[in-house]
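Below: the structure, in structure tokens.
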Amino acid sequence: MKDIHYFDNAATTRISAAALESYTKSCLNHPGNPSAAYRLGHEAKDVLEDCRRRAAAVLSVQPGQLVFTSGATESIGIVMSSLLWAKAPGQVLISSLEHEAVAAWAPMLKEKGWDVVTVRAKKGLVSPEALEAEITAKTRLVAVMAVSNSLGTIQDTKALSEVVRRKEAEYGRPITFLSDSVQALGKTGLDLSLVDAASFSAHKVHGPRGVGLLYLKKGQLQPLSHGGGQERGLRPGTENLAGIEAFTTALEELDEEDARRIRSYSDEVREAIKGSKVKALVPADQCSGHILALSTPLPSEVAVRMLQDRGVLVSSGSACSNNARGKAEAVLRASGFAEAAGNMIRVSFSRDNDEDDIRALIEALRSF
Ligand code: PLP
């Protein structure tokens with residue numbers, strides 16, 4: 001029996017053995033700066049471009065459409081901050097589900113004259129109709145994440161994309177569709193041809209912290225920082241080659257079989273808590289298998305502490321930031337779960353979980 005049963009994998013995952021090995025090997029074998037003009041530099045540059053090709057193959061996109069960043073927050077920041085440069089501010093639509101990495105740009109955009117409108121996700125889902133109702137001739141960007149980090153709900157990106165493309169044609173102006181895909185990677189199908197920009201984070205898929213990807217279908221944006229012009233000038237600064245190699249390895253390890261096993265775990269838990277005081281907030285068919293949002297009879301933080309006493313680690317919301325509790329509650333209130341907002345916990349699975357973990361989780365949840 002393990003002492004700790006870790007169910008906060010939507011916050012972060014443990015780096016895999018293969019990704020860690022890639023990291024250390026990269027540090028030792030490719031010490032050159034990819035921008036250097038001598039052989040060691042060229043070798044590092046070749047490795048970097050090989051990683052981009054391999055990552056592009058996993059994501060079914062072109063290598064030139066990928067920018068390595070320090071994480072999803074930075075990937076999103078490049079897209080959102082670019083709006084601040086616009087000569088004529090327009091309108092931005094942000095779903096009520098968005099992670100702070102997107103939502104926190106709203107005050108700055110408003111300050112610069114942008115009209116920022118929240119598109120409410122009823123019961124955790126943004127409907128194409130709700131999105132369509134808000135798009136105007138002034139809309140320049142729509143941000144709807146692929147899978148909610150708080151609730152696990154899978155958005156209908158295809159239907160939402162159709163709305164965006166139709167409205168673009170109607171108004172004769174491009175609208176950027178940003179899909180924060182951090183929680184979808186390796187868990188649900190991804191079709192990046194439907195969106196204009198997408199963000200990914202290595203540490204959510206058993207890669208290292210501090211590495212991410214920005215997918216940009218076409219065109220150029222303004223960088224967040226300025227410097228040596230690396231990553232097409234979009235993410236200047238010496239590349240985190242070891243992190244990028246380790247992330248690439250983690251991407252190649254993603255396996256549908258693991259996603260199926262994770263789904264079977266969350267189904268098993270859903271079944272086992274039927275009739276108990278703990279309830280699933282969203283039906284299984286609307287959710288990614290790796291996130292199970294539950295309401296408990298207790299305030300979230302008390303429930304989290306009680307579970308911790310039994311060695312079961314869950315979060316009281318989207319615990320990827322130090323003020324996550326309030327933010328997670330705000331997302332729930334704005335997305336149709338006001339009544340559950342104060343007593344929700346998020347259980348999130350990964351391929352590292354096993355039957356022993358699931359037994360401990362079920363036993364702990366039934367004890368409420
Ligand atoms: N977007 C979502 C949906 C997330 O769950 C996270 C996790 O924290 C982020 C963005 C930020 O990712 P990162 O830690 O790579 O900046």
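Side notes on the structure shown:
- Taking 24 Å as the straight-line reach from the Cα of K2, the lysines in range (excluding those fewer than 8 positions away in the same chain) are K204.
- Using only side-chain charges placed at the Cβ, +1 for Lys and Arg and -1 for Asp and Glu, the dipole size of region 1-74 relative to its Cα centre rounds to 140 debye.
- Cα point-scatterer Debye curve for region 17-253, base-10 log of I(q)/I(0) at q = 0.07, 0.10, 0.11, 0.14 Å⁻¹: -0.23, -0.47, -0.56, -0.87
- Take every pair of alpha-carbon atoms less than 8 Å apart whose residues are at least six positions apart; their mean separation over the length of region 17-253 yields a relative contact order of 28 percent.
- Whichever lysines have a C-alpha closer than 21 Å to that of K112, once near sequence neighbours (fewer than 8 apart) are set aside: K87, K138
- Ranked from largest to smallest solvent-accessible area, with a 1.4 Å probe on the protein heavy atoms, Y6, Y38 come out as Y38, Y6.
- Accessible surface ranking for R14, R120, 1.4 angstrom probe, highest first: R14, R120.
- Under 23 Å from the Cα of K279 - lysines, other chains or at least 8 residues apart: K122, K123, K187, K327
- Dipole check for region 17-253: with +1 at the C-beta of Lys and Arg, -1 at the C-beta of Asp and Glu, and the Cα centre as origin, the magnitude is about 400 Debye.
- Gain on full extension, evaluated as 0.36 nm per residue between K2 and L28 minus their Cα-Cα distance, stands at 6.0 nm.
- Charge dipole of region 176-324 (Cα centre as origin; +1 on each Lys and Arg Cβ, -1 on each Asp and Glu Cβ, all else neutral): 500 debye, rounded to the nearest 20.
- With all pairs of different C-alpha atoms in the average, the Kirkwood value for the hydrodynamic radius of region 229-323 is 16.8 Å.
- GNM top mover of A137, A86, A197 - the chain, alpha-carbon springs below 10 Å: A86
- Toward the positive end of the charge dipole of the chain, with +1 on the Cβ of Lys and Arg and -1 on the Cβ of Asp and Glu, the farthest Cα among L66, T13, A197 is that of A197.
- With each label modelled as a point 7 angstrom along the Cα→C-beta vector, the L40-E271 pair spans 5.7 nm.
- The listed residues C27, C287, once ranked by accessible area (1.4 Å probe) with the largest placed first, stand as C27, C287.
The values are calculated or read from the model by the stated rules, or taken from the named source; none is laboratory data. Keep in mind it's a predicted model, so treat the numbers as computed, not measured. Cβ atoms come from the backbone with ideal geometry, glycine included; neighbour counts cover every protein chain shown. Quick note on the areas: whole protein, heavy atoms, side chains included, nothing else; ligands and nucleic acids left out. Shrake-Rupley method; radii C 1.70, N 1.55, O 1.52, S 1.80 Å.
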